[in-house]
Structures are given as C-alpha cells and as structure tokens.
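See below for the structure under consideration.
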Amino acid sequence: MSDVDLGYLSVADASKKLAAKELSPVDLTEALLRRIEAVDPQLDSFLLVDGDKAMASAKAAESAIQGGRRMGPLHGIPYSLKDIVDTAGLRTTCHSEILKDNVPKQDATVAAKLKAAGGIMLGKTATHEFALGGPAFDLPWPPARNPWNRNHHPGGSSSGSGSAVAAGLTPMAIGTDTGGSVRNPASCCGIVGMKATYGRVSRAGVFPLSFSLDHIGPMTRTVTDNAMMLQAIAGADKRDTASANVAVTDYTSGIEGGVKGLKIGYLRQFHEVDLPAHPDMAAGLDAAVDVLRSEGADVQDVGFAPLADLAATNRVILISEAYSIHRDWLASRPQDYAKATRDRIMPGAFFGAADYVDALRQKARYLAQFNKMMADYDVIICASSMDPACRIDDEPEVDRTYGRQARTPFNLLGAPAMAQPTGFSKDGMPISMQIVSRAFNEAMIYRVGRAFERVTEWTNQRPPVG
C-alpha cells in the first residue's frame with residue numbers, strides 16, 4: 001500500500017490487518033511519519049513529531065504481535081495528542097510562549113491509557129493557546145490549517161488534531177472540549193469528534209480551561225474508529241476528582257444495530273430560529289435527518305431553551321474559571337499571551353461571585369429540562385456549526401462564525417455529543433451535524449452515527465493534500 005493509502009487506513013481496518021500479521025506496525029508508522037514530513041508543512045498541524053520514539057514503539061509492537069502478545073485492538077496503531085495533554089519527558093506547551101519549555105514528569109491519564117493499549121504516539125498537535133485563544137499569528141508557532149483549503153481555519157481549539165486526522169497524517173487523535181473544541185474541528189475538517197459524558201474520560205494531566213466544563217474526546221475519520229478509541233480511554237480515575245465511577249459500555253458491540261424503531265428528536269430550533277444557519281449547512285441537516293428517517297427512525301421535532309441563554313450561562317462559568325486559572329500569569333506576563341487569548345479571558349475579571357453562582361444554578365435548571373426531554377428520545381439531532389469554515393486570515397469573520405454554533409449547551413449539560421460530517425458546501429468545505437443523547441449513552445450515539453455513515457460515505461472523502 002502507498003503512504004497515502006496507509007494514511008487513510010481506518011483504525012478498524014488497520015487493527016484487523018495488524019492482528020492477521022498482514023501489516024506491520026513499523027511499516028504503518030514509517031508511512032505516517034513520511035506523510036507528516038511531506039504534507040504537514042502545508043498544514044502546521046503538528047507542533048512536535050517524536051519520530052525516534054514512535055519508531056521504537058512500533059518495533060516493540062511488531063515484536064509483541066509477532067510473538068503472540070497482542071495487547072488489544074489499538075496495539076500498533078499510531079495516534080497524536082493535543083499539546084495540552086501532558087507527556088512525560090516530552091514538551092507540552094499549550095501552544096503558548098508561557099509554557100514553551102514545559103516538560104512534564106508524568107503522562108496524563110489519557111496518554112497513559114493509549115500507551116497501555118499499545119498505541120504509538122506520533123507527536124503533539126497544534127491548539128489554540130491554552131485551548132481558548134483562537135487562530136493566532138502572534139505565538140511561537142503558527143496556527144494549524146484546514147486540509148480541505150489551507151486558507152481556511154480548521155476549527156478549534158483542537159485544531160491540529162482535526163487537521164491531522166482529516167489529512168491522513170494520523171488515524172486517531174485526542175482533543176479537548178470545553179465549549180465545543182473537539183466538535184468544532186470535527187465539523188470544519190469533515191471528521192468524527194466525540195465529547196463523551198462529563199467525567200467519562202479522565203482529565204488528569206490535561207491543562208485545565210474550565211473545571212466544570214472540560215471534557216476529553218477522541219477524533220477519528222469514522223464512527224467505528226471513534227468508538228474503539230473511546231473504549232480505550234474511558235473509565236474512572238482517582239487522579240480526576242470529577243471522574244465518574246460508572247461502568248464502561250462496550251461501544252462497538254451494538255454499533256451496527258441501525259436506527260429502525262429508534263425515536264430521534266430534531267432540534268431544528270437552534271439553526272432555524274436562534275441562529276439561522278448557512279443555507280448549505282441547513283440543507284445538510286435536513287438531508288441527514290431524511291436519511292435517518294428513511295432507515296426507519298421515528299423523527300419528531302423538539303424544542304429547548306434558546307441558544308443565546310444557554311451560551312451566556314456557559315460563558316459565565318467558562319470565563320470565570322479560566323480567569324481564575326490564568327490571573328497570575330495575566331498580571332505578571334500579559335505580553336506573553338496572544339492578543340486573542342487575553343481578549344477572551346479578561347472579561348472573567350469582571351464577573352462577580354453572584355454571577356458565577358447564578359450561572360451554576362441556571363445550569364442545574366437546564367439539565368433538569370434536558371433530562372425530561374431526553375426521556376422520550378434515544379438521541380437528538382441538531383446543528384454543530386452554523387457555517388462552513390471561513391478564511392483563517394479573516395479575523396472579523398472568524399470572530400463572527402465562532403459564536404454561531406450549538407455545541408456549548410452540551411458542555412453545560414455534560415451530555416455526550418458527537419459531530420459527524422453530512423457533506424460539503426457549494427464551496428467544497430465540510431458541513432456537519434451533531435448527535436446528542438443522555439448521560440453515558442455514547443453507545444447509542446455511535447449506533448445512530450454508524451447507521452448514517454453506512455449509507456452516505458461522507459467519512460470516506462479525502463481532502464486535496466498530499
């Protein structure tokens with residue numbers, strides 16, 4: 001197989017080939033490293049590539065598999081980590097001047113779990129500064145680019161992870177999601193991104209943005225691959241005080257179950273009333289719902305709280321907590337932040353304790369409302385982004401479109417939500433939908449997403465790079 005074909009080999013297919021000894025972890029890793037070297041100068045999706053260590057891990061995996069000591073379905077499969085995830089002995093910068101020389105002594109739990117599963121870490125991917133700032137050009141490293149059109153932004157803040165997965169540089173990557181930062185690059189880059197239930201994946205060793213809203217999530221090109229990756233990283237962890245002690249479901253066992261007989265709510269209010277979406281995005285959502293209906297789902301319109309109210313509640317919590325984390329550096333080293341990062345964090349200095357407590361109380365009311373709604377449905381379909389990705393150098397348009405999304409409600413609610421491609425805009429940029437369910441019901445989201453994926457082929461498209 002060529003480097004390009006190996007670059008776009010799914011996790012599931014690679015796993016089968018590795019288990020059957022039809023593919024070597026060494027050959028797969030070498031192909032991806034060559035592809036990163038050839039393609040990533042166009043995209044800047046990686047901040048650091050650890051090729052020597054990746055090859056050493058690949059050789060160890062090959063020896064183990066050949067010797068009958070296969071550790072599981074991810075053994076020998078490469079991955080990348082967003083550069084706010086600690087890696088022992090390897091720089092973790094948060095894409096910031098402030099931490100450009102930071103070398104952690106311990107792996108984050110999510111990194112340790114992927115290592116324990118036999119995965120091969122290729123390197124650290126670009127992010128928005130401290131997972132908040134937006135695509136910025138006044139940092140030590142450039143922002144990542146969108147592989148469908150490098151003049152467009154790839155979404156954030158897990159920008160490098162989204163770009164690298166879409167471009168066939170890594171089959172799977174870790175992102176983080178506080179206001180939509182796994183699902184935004186998934187939407188912009190035409191891949192699958194899951195924000196699992198709050199507490200489902202440990203955040204220990206991941207630089208925090210908002211303790212109440214932070215999530216870790218897998219980013220892949222297919223739904224099945226995403227389920228396989230979540231299987232490896234989910235579970236309780238004493239290092240994370242918010243970790244949920246809930247048994248981990250087998251996310252792949254029922255993934256081919258289809259949608260016949262399932263009840264699906266279509267939350268069109270978000271993109272038709274609250275924030276009217278780009279026509280191509282709206283048409284893609286309607287078409288996706290029609291596919292699910294044709295596959296046997298019972299689809300009904302549903303309503304919820306206004307997006308503006310949900311977003312405002314989320315913002316008070318997020319910015320208040322982010323400011324509490326960064327206030328000392330903002331006081332002592334303000335010049336070392338990108339302007340976009342400072343602009344987003346500083347309003348936290350002006351929220352009072354009453355504002356924060358009111359937001360937490362309102363969060364509880366919304367959660368009760370959501371849980372009551374979800375008692376009648378298996379999943380909800382709604383928009384992720386309201387617009388396809390715009391040019392990365394058009395700062396006013398980047399700022400305008402960033403807030404035009406329906407992802408933050410599900411950080412606020414802690415509910416699992418997955419972004420999945422539904423096609424392309426007339427300009428050739430990915431469009432998407434979001435599938436949402438009740439807490440710890442990720443398996444149902446994967447089942448619905450796989451049913452759509454199986455009959456549409458959108459996840460098999462390749463961007464025009466390399």
inquiry  = Could you tell me the relative contact order of the stretch 349-454? Use alpha-carbon pairs under 8 Å, at least six residues apart, and round to a whole percent.
reply    = 27
ask   = For the stretch 56-212, what value does the Rg/Rh ratio take when both radii are computed over Cα atoms and Rh is the Kirkwood radius, given to two decimals?
value = 0.97
key: Under 22 Å from the Cα of Lys105 - lysines, other chains or at least 8 residues apart   = Lys53, Lys82, Lys113, Lys115, Lys124, Lys238
remark   = Output row, site Ala116, 7 Å Cα→C-beta label point, backbone N cut-off 19 Å, window the stretch 42-68, residues 61
query = Under the Karplus relation 6.51 cos²θ - 1.76 cosθ + 1.60, θ = phi - 60°, what is the ordered set of whole-Hz ³J(HN,Hα) values for the stretch 185-199, x standing for Gly and Pro?
reply = x, 4, 5, 6, 9, x, 10, 10, x, 10, 9, 5, 3, 4, x
request  = Determine the gain in length on full extension of the stretch Gln300-Asn460; use 0.36 nm per residue of separation and subtract their C-alpha separation, reporting nm with one decimal.
outcome  = 54.7 nm
Size descriptor, Kirkwood hydrodynamic radius, that averages inverse alpha-carbon separations across the chain, Å = 21.7
query = Can you give the FRET efficiency for Asp394 and Asp101, using 1/(1 + (r/R0)^6), R0 = 30 Å, r = Cβ-Cβ distance, to the nearest 0.05?
reply = 0.35
ask   = What is the spin-label model distance, in nm, from Lys238 to Lys260 if the labels are put 7 Å beyond Cα along the C-beta direction?
value = 4.8
Whole-number percent relative contact order across the stretch 140-276, with pairs defined as alpha carbons under 8 Å at least 6 apart = 19
inquiry  = What whole-number distance in Å separates the alpha-carbon centres of the stretch 25-44 and the stretch 244-306?
reply    = 35
Trypsin sites (Lys or Arg not before Pro) lying in DSSP loop within the stretch 386-466, provided at most 13 other Cβ fall within 10 Å = Lys426
Point-charge dipole on Cβ atoms (K/R +1, D/E -1) for the chain, about Cα centre, debye to 20 = 1000
remark   = Sparse-neighbourhood loop hits (trypsin sites (Lys or Arg not before Pro), the stretch 97-168; DSSP loop; Cβ within 10 Å at most 11 others) -> Lys105
ask   = Given only helices, namely DSSP H runs of n ≥ 4 each adding -39500 (n - 2.57), what is the per-residue ellipticity at 222 nm of the chain, to the nearest 500 deg cm²/dmol?
value = -11500 deg cm²/dmol
ask   = For the stretch 349-410, which whole percent of the accessible surface, found with a 1.4 angstrom probe, sits on carbon and sulfur atoms?
value = 53
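Tally Lys/Arg at +1 and Asp/Glu at -1 over every other residue whose Cβ is under 13 Å from the Cβ of Ile65; what's the total?
My count for the surroundings of Ile65 gives +3.
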remark   = For the stretch 332-444, Rg(Cα) over 2.2 N^0.38 Å is 1.34
Principal axis box of the stretch 303-356, alpha-carbon based, largest edge first, Å = 45, 23, 14
query = If you count the DSSP beta bridges with both ends in the chain, what percent of them are antiparallel, to the nearest 5?
reply = 70
query = Going through the stretch 3-86, which trypsin sites (Lys or Arg not before Pro) have at most 16 other Cβ atoms within 10 Å and a DSSP loop state?
reply = Lys21, Arg69
query = Can you give the direction-averaged projected area of the convex hull of the alpha-carbon atoms in the stretch 52-127, in nm²?
reply = 5.0
inquiry  = Under the rule of at least 5 residues apart or a separate chain, name every residue whose amide H is placed under 5 Å from the amide H of Thr87.
reply    = Ala108
task = Whole number in Å², please: accessible area per residue of the chain, 1.4 Å probe, ligands, DNA and RNA not counted.
result = 36
request  = Would you mind classifying the stretch 243-346 by shape? Square roots of the alpha carbon gyration tensor eigenvalues, ordered a ≥ b ≥ c; an a/c under 1.5 is rounded, otherwise it is prolate if a/b is larger than b/c and oblate if not.
outcome  = prolate
task = Calculate, for Arg333 and Phe211, the FRET efficiency according to 1/(1 + (r/R0)^6) with r their C-beta to C-beta distance and R0 22 Å; round to the nearest 0.05.
result = 0.50
request  = Compute the signed sum of charges (Lys and Arg +1, Asp and Glu -1) over the other residues within less than 13 Å, Cβ to Cβ, of His215.
outcome  = +2
note = Note on the chain: contact order normalised by length, alpha-carbon pairs under 8 Å, 6 or more apart, percent, works out to 17
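The values are calculated or read from the model by the stated rules, or taken from the named source; none is laboratory data. Please read all numbers here as calculations on a predicted model, not as lab measurements. Because the Cβ atoms are built from the backbone with ideal geometry, glycine has one as well, and the counts that use them run over all protein chains shown. Ligands, DNA and RNA are excluded from the accessible area calculation, which covers all protein heavy atoms including side chains. Shrake-Rupley method; radii C 1.70, N 1.55, O 1.52, S 1.80 Å.
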